[in-house]
Amino acid sequence: MRMSLLPSADLALLASNGARARLLSDWSATERPWARRVASLLLAQDGSATRLCEEVAAGPVGLTVHVQREVPADAAPALVRAQLPGEVFIERLVSLHAHGQIMMDNLSWLAPAALPPDIQVELAQGRTPIGHLLARMWIRRRTLAAPETLWPALWAHVGLPDPEATRSYAIDVPERGTAMVITECFRRGMLAASPPEY
C-alpha cells in the first residue's frame, strides 16, 4: 500500500530540489559546534520526534507515507525479528517535512499483535505520524544493541546516508511487549534556523 498526503508532483519537487540534506552539512566553522550540540540532543532525547519536528516547524508538519505494507516476519532484518512478536509485521517508511525541507526520514517495523485495536485501525489509515499514535499509549523507548545494522535499510529507500544523525530504538508497551522498532534519520530541515546570536 502506498500513500501520501502530498500530490505526486509536490513529492517529486520536494525530492528534486535539495530538500533532503544531511543534518550537519553546510555549516560555517562558527555555526558547526552549535549544530553538533543540537544534533546530539536530538539523538539523545527520548520523547516524540514528531512533536520536536512540529516545534521546530512552529506548527503542523507534512507526513509523506512512502510505503506501508504487511511483511512476513522472516522478511524483516534479524534485529527486528529478535525484538517483535508475531509472524507478520507492518513495515512503514515515512518522511516528515515542513517549509519545503525534509525534517526526518523514518523506517519502522510494527507488531500488530502488540498494538491496541484502535491504534491498529488508525495505523492502517496511514494518515497519522507514529508520534501522535504513541501519545495515546504508555510506552518505554529502549536503545538497541548494534542499531547501526538497521540503518542501511532506511538509506536504501531514501538515499543520503547520515550516521551522525541516525538512531534506532524499540518501543515497549506494558503488558503487550515490544510493539515497534524504529529507525529515524534527522535531516537538515530540523536545523533550518541559524544559531542564536549571543
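Consider all pairwise Cα distances in segment 16-84 and report the whole-number % of them above 20 Å. Kindly include the intermediate steps, with their values, before the conclusion.
On the way: 1353 of 2346 pairs.
Counting every Cα pair in segment 16-84, those more than 20 Å apart make up 58 percent.
What base-10 log of the normalised intensity I(q)/I(0) is obtained for segment 62-120 from the Debye formula, alpha carbons as equal point scatterers, at q = 0.16, 0.22, 0.29 Å⁻¹? Taken in order of the listed q values, log10 I(q)/I(0) reads -0.56, -0.87, -1.14. Close amide H contacts of Ala21 (hydrogens built in the peptide plane, cut-off under 5 Å, sequence separation of 5 or more or a different chain): Ile102, Arg188, Gly189. Per residue, segment 26-190 exposes 45 Å² of accessible surface when a 1.4 Å probe is rolled over the protein heavy atoms with every protein chain present. Asp118 exposes around 80 Å² of accessible area when a 1.4 Å probe is run over every protein chain in place.
Label positions at Arg69 and Glu175, each projected 7 Å from the Cα along the C-beta direction, are separated by 3.6 nm. Sorting the Cα pairs of segment 26-190 by distance into bins of 5 Å, from 0 upward, gives 1, 8, 18, 22, 22, 15, 7, 3, 2, 1, 0 percent per bin.
For segment 26-190, the fraction of 1.4 Å probe accessible surface lying on carbon and sulfur atoms is 56 percent. Modelled label positions at Gln120 and Arg51, each set 7 Å beyond Cα in the direction of Cβ, lie 2.7 nm from each other. Here the label points at Arg140 and Ser28, each 7 Å from Cα along the C-beta direction, are separated by 4.6 nm in the simple model.
The values are calculated or read from the model by the stated rules, or taken from the named source; none is laboratory data. Everything quoted here is computed from the prediction, not taken from an experiment. Here the Cβ is made from the backbone with ideal geometry for all residues, glycine too, and neighbour counts use every protein chain on show. Ligands, DNA and RNA are excluded from the accessible area calculation, which covers all protein heavy atoms including side chains. Shrake-Rupley method; radii C 1.70, N 1.55, O 1.52, S 1.80 Å.
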